[in-house]
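All remarks here apply to the structure that follows.
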Amino acid sequence: MRHIYPRTFFAQFTGGESSQEYTKVIDALRQHTQGVILNYSAEASDISPSHSQDAMLAAAEDSLRIISEGVQACGTYEKQLRDNHDKRAGQTFVAVKPSGLIPDPYVLERATLALNELHGWNNTLPAQMPVESVSDSDMQLMLGKAKLSNISKEDLKQLAGLYDRMRNICGCAYDNGVKILIDAEYAKFQPAIDVMFTLLAEEFNYDRKGNVSQTVQPVVYNTIQCSLRRSEDFVKASIKRAQEKGYTIGLKVVRGAYVDHENSRWAKLKGVGPSPVWGSKEETDRCFDNVAEHLVEELASANGNTLGVLFASHNCNSAFKVLDLLEKHKLASRTSDNKVDPIPPIRERIAFGQLYGMADKLSSELSRSFTDGPPMVFRYLPFAKLEYALPYLLRRATENKGVLMGSADGEIPPAILERKKLFNELRRRFLLL
Ligand SMILES: Cc1cc2nc3c(=O)[nH]c(=O)nc-3n(C[C@H](O)[C@H](O)[C@H](O)COP(=O)(O)OP(=O)(O)OC[C@H]3O[C@@H](n4cnc5c(N)ncnc54)[C@H](O)[C@@H]3O)c2cc1C
């Protein structure tokens, strides 16, 4: 396989196989004032396609070790910059997919069904994805203490194992000054992931000395998929809960990678009412805009220092709309040379993200829009052994294939063109096998 997948292609979209390789990419990006969202892109099912329980458990433990090394490497890099009084030292992120840290990812689907049972939601969930924030009984379930028909002892054990691994990663991130982004996955996994996020936020997005501090940076972020109808209400409920309980909240905002998957699943389930996903791209765009506006308003409010936000998108309109919102809400001003100058706390509480190797023009334009200082733009940088990373990239491109066709008037926006190229290239190389 190593001979078939050329290194040049691998290098264009990933940070390589090891910490020595990705640290070089991190440093090169920092020369352009861009930070990273490091992501170990191998998943248990890639590492251990035999699906034996023991092998999958070993793969999940291995992922934990490799992700923790990544967290340490990012923390060390940032610390060196700070020690050298380098003004480009700033935030750094590591993204984690919960399904890659559990031997059987479908436990997350069964946990979602158990949550339905607890709440009396429709059993074919996600019907309307839940918008209310989590309750104490949800927490009990995730801690493996619930007695429910939809979940077995073995599943509860796996959930407890996942929670332990996530806690381990968040603890390591806390110690190294790194932020953890929990990626959003299929809607059928998501309610269980939301509860897991809340448990972790309650523990790590606090001042560890036990004070309810209003200025603590969130260590752990959840991801909001604006392609889901629930997103605006869900964001509001999540923020309200965090404020009531006194922890800070971090949110990564995306449009969502699984639109086609969710719609066909919904059709197969013959679900009651509309699919959990918006019926059109325009509605998803409107939802993204509304969520962005709400979050910037929150950042500008008296509660602004309890929030951290990362807007992850290749859509230029979305990125530049956020810049306008920052100015509108007096979180940034324009300098005489037309640069955006965020007020100091905002530099640490807002960020933009694009995938490494894609939308390069947007990333550089965006980072050049800001005055000198710590990065505001972060590149999602996957790393893994060559043979594990390419299936991940292929899946990523396949997930997006429904939007590779462009708009109805035939115009193909540049970001979509880039993805189309990636998809075609991956498919061509994959079919060579
Ligand atoms: C740094 C980074 C991190 C990411 N992390 C995640 C993650 O954790 N989870 C995740 O799911 N995705 C994630 N994504 C992918 C993201 O959700 C989008 O799929 C991708 O970025 C394309 O959306 P866009 O805003 O960049 O571009 P655009 O081209 O403006 O939007 C494309 C998106 O619009 C939506 N859309 C298209 N057609 C329709 C339709 N008919 N009906 C409803 N909606 C439609 C879909 O969400 C589609 O992906 C991430 C992306 C980046 C850049």
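The values are calculated or read from the model by the stated rules, or taken from the named source; none is laboratory data. This structure is a prediction, so every number in the text was calculated from the model and none was measured. Please note: Cβ atoms are built from the backbone with ideal geometry, for glycine as well, and neighbour counts cover all protein chains shown.
Table for the structure above
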| read-out | value |
| --- | --- |
| Residues (out of contact with any strand residue (DSSP E or B) (no Cβ under 6 Å at 6 or more places or on another chain) and touching a residue at least 60 places away in the same chain (Cβ under 8 Å)) located in segment 292-306 | His294, Asn303, Asn305, Thr306 |
| Flag if Glu348 is acidic (Asp, Glu) and under 17 Å from Phe93 (Cα atoms) | yes |
| Pairs with Cβ under 7 Å, 6+ apart, first in segment 164-186 and over 19 Å from Gln225 (Cα atoms), second of a type in the set (S, T, N, Q) and assigned to a helix (DSSP H, G or I) | Asn168/Ser68; Ile169/Ser68; Cys172/Ser68; Cys172/Gln72; Asn176/Gln72 |
| Residues of segment 167-183 classified as part of a helix (DSSP H, G or I) and either within 15 Å of the ligand (Cβ to nearest atom) or among the acidic types (Asp, Glu) (or both), total | 1 |
| Enumeration of residues in segment 351-395 that are of a type in the set (Val, Ile, Thr) and surrounded by 23 or more Cβ atoms within 10 Å (Cβ to Cβ) | Val377 |
| Helices (runs of 4 or more DSSP H) contained entirely in segment 313-411, each with at least 3 residues that are at pLDDT 95 or above, closer than 30 Å to Ser301 by Cα and within 16 Å of the ligand (Cβ to nearest atom) | 316-328, 360-369 |
| Residues of segment 245-295 classified as more than 11 Å from the ligand (Cβ to nearest atom), in contact with a Lys or Arg (Cβ under 9 Å, 6 or more places away or on another chain) and of a type in the set (Val, Ile, Thr), total | 1 |
| Number of the exception - Asp233 against (1) within 14 Å of the ligand (Cβ to nearest atom); (2) closer than 19 Å to Ala192 by Cα; (3) among the acidic types (Asp, Glu) | (1) |
| Failed criterion for Asn424 (all others in (1) in a strand (DSSP E or B); (2) at pLDDT below 95 hold) | (1) |
| Some residue of segment 97-119 being over 30 Å from Val377 (Cα atoms), small (Gly, Ala, Ser), modelled with pLDDT under 90 and not in a helix (DSSP H, G or I) | no |
